[in-house]
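No value in this document is a laboratory result; all are computed from the given coordinates. Fair warning: this is a prediction, and the values are worked out from it, not measured in the lab. In this analysis, Cβ positions are derived from the backbone assuming ideal geometry, glycine residues included, and neighbour counts consider all displayed protein chains.
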Amino acid sequence: MGEVAIFIVLLFGITWPWGYFVTPAAMAHGQLAFLAAFVPLVWTPTLIALGIIGYTEGSAGIRRELRARLSLRGGAAILVLAGAIPLIAGAVAIVVARAAGDGAAFLPLTAILISIVIQMVTGSTGEELGWRGFVLPRLRARMGTTAASLTMALLWVVWHVPAFYTPGMPHQFMPIGPTLAAIAFFGVFMAALFYRAGDSVLPTMAAHISLNVILGVGGFNGASVAFWTTMAALNAPIAVATLLWPRRRQGDRADRELVA
């Protein structure tokens, strides 16, 4: 639990000021400057997690962590499921938003391909080894599967809050209540994927990329209450269903070792 507390203090202490002051300043100098400031920001969860492991366990611990978290033990089907569910939920929410009059232009096909590449090198992958791979097993070792999932999701939501008050970020125009609810339920879904895949972050990366891509294709107004309310309403039963889905047990021994 102490390692989780260190992770949270470092993560919030570094990324909140960086995100509020550095990222908006970089936006004024174009997309490349923004990405140069944004990529280190969203990879900070992974860098902090590996830094803590390296400090306590050395380079051998980092290698063990990477092998464990980047090994797929749920089969290819879990990757398909992880990628398909956010796409389907997002597509349904876009249809609802457009029906409510919150439609907008879709991204051109060529831009979607670029968006996918950008998502693969930003937060969709940069957050997962930290939030899911590092935080979840340590919380689960202390409080069990369900409580760990809910606690991680809540912390993840709190981490996103400053973006709603940061100049230039798209979050400024999103309805904060339903958007944070959608993020929270999605976080629980990600925890369930992590458990089901034998504590692998590959499915959570796939789900995160899928969600960010469907958000990036456009077709709806980001300020749409209808869109975010629909996303929250869809993500809630998905989170519950996947969390109750029987999981693999590979992480149990590692959990015991974390609290030993």
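List of remarks:
- Rg over Rh for region 65-124 works out to 1.10, using Cα positions for both radii and the Kirkwood form for Rh.
- Region 78-176 - Debye-derived log10 I(q)/I(0), Cα point model, q = 0.18 Å⁻¹: -1.27
- Shape category assigned to region 1-136 from the gyration tensor of Cα positions, a/c cut at 1.5: oblate
- Averaging the sequence gap over all C-alpha pairs within less than 8 Å and six or more residues apart, then dividing by the number of residues, gives region 121-218 a relative contact order of 36 percent.
- Every helix of 4 or more DSSP H residues in the chain counts as -39500 (n - 2.57), and over all residues that averages to -24000 deg cm²/dmol at 222 nm.
- Across region 2-259, C-alpha contacts under 8 Å between residues 6 or more apart give a mean separation that, scaled by the residue count, equals a relative contact order of 30 percent.
- Spin-label proximity, F12 to region 45-89 - amide N less than 16 Å from point 7 Å beyond Cα toward beta carbon: 45
- Each residue of region 140-151 was assigned a 3J(HN,Hα) from its phi angle through the Karplus expression (A = 6.51, B = -1.76, C = 1.60, θ = phi - 60°), giving 5, 4, 9, 10, x, 5, 5, 4, 5, 4, 5, 5 Hz with x at Gly and Pro.
- Lys, Arg +1 and Asp, Glu -1 on Cβ, resulting dipole of region 2-259 about Cα centre, debye, nearest 20: 660 debye
- Under a 5 Å amide H cut-off, with hydrogens placed 1.01 Å from N, F220 pairs with A104 among residues at least 5 apart or on other chains.
- Ranked packing of 26-35, 6-15, most packed first, by mean Cβ within 10 Å: 6-15, 26-35
- Exposure proxy order (Cβ contacts within 10 Å, fewest to most) of R63, R132, R69: R63, R69, R132
- Protection-proxy order for peptides 135-142, 77-84, 231-238, each taking the mean of Cβ atoms within 10 Å per residue, highest first: 135-142, 231-238, 77-84
- Under Karplus coefficients 6.51, -1.76 and 1.60, residue-wise ³J(HN,Hα) of region 86-95 in Hz, glycine/proline x: x, 5, 5, 4, x, 5, 4, 5, 5, 4
- Averaged over residues, the count of other Cβ atoms within 10 Å places the peptides 98-104, 48-54, 125-131 in the sequence 125-131, 48-54, 98-104, highest first.
- Local net charge near I48, Cβ-Cβ under 15 Å (Lys/Arg +1, Asp/Glu -1): -2
- In this simple spin-label approximation, L113 and W245 carry label points 7 Å from Cα along the Cα→Cβ vector, and these lie 3.1 nm apart.
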